[in-house]
1. Here are B:Leu140, B:Leu207: which of them is open to solvent by 10 Å² or more (accessible area, probe 1.4 Å), under 22 Å from B:Ala246 (Cα atoms), hydrophobic (A, V, I, L, M, F, W, C) and touching a residue at least 24 places away in the same chain (Cβ under 8 Å)?
2. Restricting attention to region B:213-242, which residues are under 24 Å from B:Pro134 (Cα atoms) and either at pLDDT 90 or above or more than 9 Å from every other protein chain (Cβ to nearest Cβ) (or both)?
3. With within 14 Å of chain B (Cβ to nearest Cβ) and assigned to a helix (DSSP H, G or I) as the only criterion, which of A:Arg141, A:Arg79 stands out?
4. Kindly provide the set of residues from region B:86-117 that are part of a loop (DSSP other than H, G, I, E, B) and open to solvent by 30 Å² or more (accessible area, probe 1.4 Å), ordered by number.
5. Among the residues that make up region B:176-188, is at least one of them away from chain A (no Cβ under 14 Å), without any contact (Cβ under 8 Å) to a residue 60 or more places away in the chain and crowded, with 23+ Cβ neighbours inside 10 Å?
6. Confirm whether A:Leu25 is within 14 Å of chain B (Cβ to nearest Cβ) and either aliphatic (A, V, I, L, M) or outside any helix (DSSP H, G or I) (or both).
7. Out of (1) in a loop (DSSP other than H, G, I, E, B); (2) open to solvent by less than 30 Å² (accessible area, probe 1.4 Å); (3) without any contact (Cβ under 8 Å) to a residue 60 or more places away in the chain; (4) not acidic (Asp, Glu), what's the single condition that is false for B:Val76?
8. Residue check: is A:Met44 of a type outside the set (Phe, Trp, Tyr) and within 14 Å of chain B (Cβ to nearest Cβ)?
Amino acid sequence: METIVFGLLNGVSYGLLLFMLSSGLTLIFSMMGVLNFAHASFYMLGAYFAFTITGSTSFWIALFIAPVLVGLVGALVERYGLRKVHANGHVAELLFTFGLAYLIEEVVKIVYGKTAVDYRVPDLLNFAAFEIYGATFPAYRIFVIFIAIAMLVGLWFLLKRTRAGLIIQAALTHPHMVGHLGHNVPFIFMTVFGIGCALAGLAGLMAGNIFVTDPAMAVQMGPIVFVVVVVGGIGSLEGAFLASLLIGLLQNFAVGINASFAEIFAFTGLSPTSEVGDITISSLAPVLPFLLLVLMLIFRPQGLMGEQEL
Amino acid sequence: MNFRKTAILAAATSVIAIGAASADTIKMAFIDPLSGPFGPSGEAAYTSFQLAAEHINANGGVNGDMIEVTGYDNKVNPKESLVQLQKAIDDGARYILQGNGSSVAAALIEAVNKHNARNPGEEILFFNYAAVTPAFTNELCSFWHFRFDAHADMKMAGITDWIAERDDIKSVYLIGQDYVFGQAVAAAAESQLAEKRPDIEIVGNELHPLGKVKDFTPYIQKIISSGADAVITGNWGADMQLLMKAAAESGSDVPYLTFYGGSKGAVSSLGEAGIGLLYQVSEVTTNLEASDEQYALIEEYKERFPDYDYYYHRAWNAMDMFVAAAEAAGSADPIPVAKALEGLTIEHAYGSATMRAEDHQIQQPLYISVVSDDVKYGVDNIDLGWKLVDAGTISMESAEQPTTCEMERPE
């Protein structure tokens, strides 16, 4: 019972963090067709900007300013980098963002140093929200859950229920038509890219103090974001949401299960001391998302909610 | 005009300086993580070795030669370490300093053995200041390898001695990193507890991937629901810090007995919650009684490197032993130095340390300390620091462990 409750709580809070991070990536891909390898780098920038702003003012000011700053950086990258590269096709874009990820990491190392910075949870939220089975659940994580849900609702509303959202969607499929109607299509693209990056920045701001804010955080988060986006279906916001929760729950439940292969496959006569029988489910937890990625690509290449095949 | 005079003067002094520097440079290569999740662990040791070398050079060097410590970033990757080792050798280094990661140390020992067998006359020595898998001074022991830190079985002996006295501890949870070192810690804990306190139940024995886990909350919750009275962990670097972060968030209130609770950020992650809960076993802590000279050194280190704390006292031990050996041998060449190091005893700021000749394992007292707010020196730039627990001193004799080493020595 404890395992289930803990698994649910942690799975949902971790899953929602993943969603915050991957929603920007999937948004950019669905709107612009750009697979942004530097996405996790914007996540890192969000954490570092938040650290700087928190140091000179407060976390609450950082909460609004840091994502906007990251969004502006993203918009500048689109305006002066991606837009020029775009003419040379998708491979060029891919390579551009790939290089950008390294560039951002090195710049962060030069500015903030190679080691972790001391970015903390704000005092106002640094308490235990409730206690369950002897373990407490921090208030800050509940805050993260709320922000993530607010973000999901806000994003969905913007895209599906507002005029701006309609224009954005139209600009993707019929850019020339939208342009002829008098809308500034390049500006729309720049805005979308900026918003996507700002969302990653927001995720960095929320996660940087739960985990560690260091120059390696982008590289470590990068792969899992792509797993979320591919499993959810590239370009699908709903899919990314489901996939994030799925991966969050999967990983957290797996850690809680002590059973080894020998116990599960006892009927096959697997010995508990053998190489394979010795492996426990909990030790497999970090691999599971990638296993899911491979299985998904084999059996359902379009992902959970994706419309197009890769 | 003035400027020109200065320029001439500078040119003149530099000529003199070149003349004076005809003494040789002893190159030491520091091969450890200097970036990434374990970067702080490497950086803190690197700065310690550099400061130690600076002091030695300021005091006239080693037989008149100057020591130069250069950093090579290996990202805790054994493969990358071998590349860096080759680079270091090509740069003229004859001494290798490494400590973070037994996986790396194992690869380096093998590579150094091979290099020395193939290049007689160009031998290199490996000074291991922190990779504590017992095998390196047992079945894998090598003449070219010296360990300046107590190994896992020795540290575990300290922890289990302490547990043996605590009747209120009836169950223990083991958690560690899934590689050769973490496995060695778990094995040592199991066998030593079975011997010293057979009534203690081991309610969990968990290994997690090295440097990959971001959120330790599920692991902590397992510890809480297991009802363990104490946790033993060999985690270091980011894995130690994140484990403590999750423990603080989840309100876990059992003692954590660690090898590396002194990893940067672990104490500040727990904050006040760590008082009386986070323990570490180490060769010293800055709050032990020491001379004013040592206090001045601790303060100098903090002033020079405000991001870190004086933690790697063993870096000074290693350097002091090297100097003593090189002076006794009258040479800074690896073979004479290695022979002089065998059985060498030095007096350092907190007592004495001996390099056991049979297996090149340093022998020294160990101390168990706990996080406290009543200390001279805090860590992580907060007021909390390490305080020796009652009966926390483990004498050199009780920390000493037998060895199975059968060393092959050069002629």
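1. On the way: B:Leu140 fails: under 22 Å from B:Ala246 (Cα atoms).
That would be B:Leu207, the only listed residue that is open to solvent by 10 Å² or more (accessible area, probe 1.4 Å), under 22 Å from B:Ala246 (Cα atoms), hydrophobic (A, V, I, L, M, F, W, C) and touching a residue at least 24 places away in the same chain (Cβ under 8 Å).
2. Scanning region B:213-242 gives B:Ala230, B:Val231, B:Ile232, B:Thr233, B:Gly234, B:Asn235, B:Trp236, B:Gly237, B:Asp239, B:Met240.
3. Details: A:Arg79 fails: within 14 Å of chain B (Cβ to nearest Cβ).
That would be A:Arg141, the only listed residue that is within 14 Å of chain B (Cβ to nearest Cβ) and assigned to a helix (DSSP H, G or I).
4. B:Asp91, B:Gly92, B:Arg94
5. Among the residues of region B:176-188, at least one is away from chain A (no Cβ under 14 Å), without any contact (Cβ under 8 Å) to a residue 60 or more places away in the chain and crowded, with 23+ Cβ neighbours inside 10 Å, which makes the answer yes.
6. Working: within 14 Å of chain B (Cβ to nearest Cβ): no; either aliphatic (A, V, I, L, M) or outside any helix (DSSP H, G or I) (or both): yes.
It is false that A:Leu25 is within 14 Å of chain B (Cβ to nearest Cβ) and either aliphatic (A, V, I, L, M) or outside any helix (DSSP H, G or I) (or both).
7. (3)
8. Details: of a type outside the set (Phe, Trp, Tyr): yes; within 14 Å of chain B (Cβ to nearest Cβ): yes.
So A:Met44 passes the test.
The values are calculated or read from the model by the stated rules, or taken from the named source; none is laboratory data. Computed from a prediction, not measured in an experiment: that's the story for all the values here. Positions of Cβ are generated from backbone atoms using ideal geometry, with glycine treated the same way; all protein chains shown enter the neighbour counts. For accessibility, only protein heavy atoms count, side chains too; no ligands or nucleic acids. Shrake-Rupley method; radii C 1.70, N 1.55, O 1.52, S 1.80 Å.
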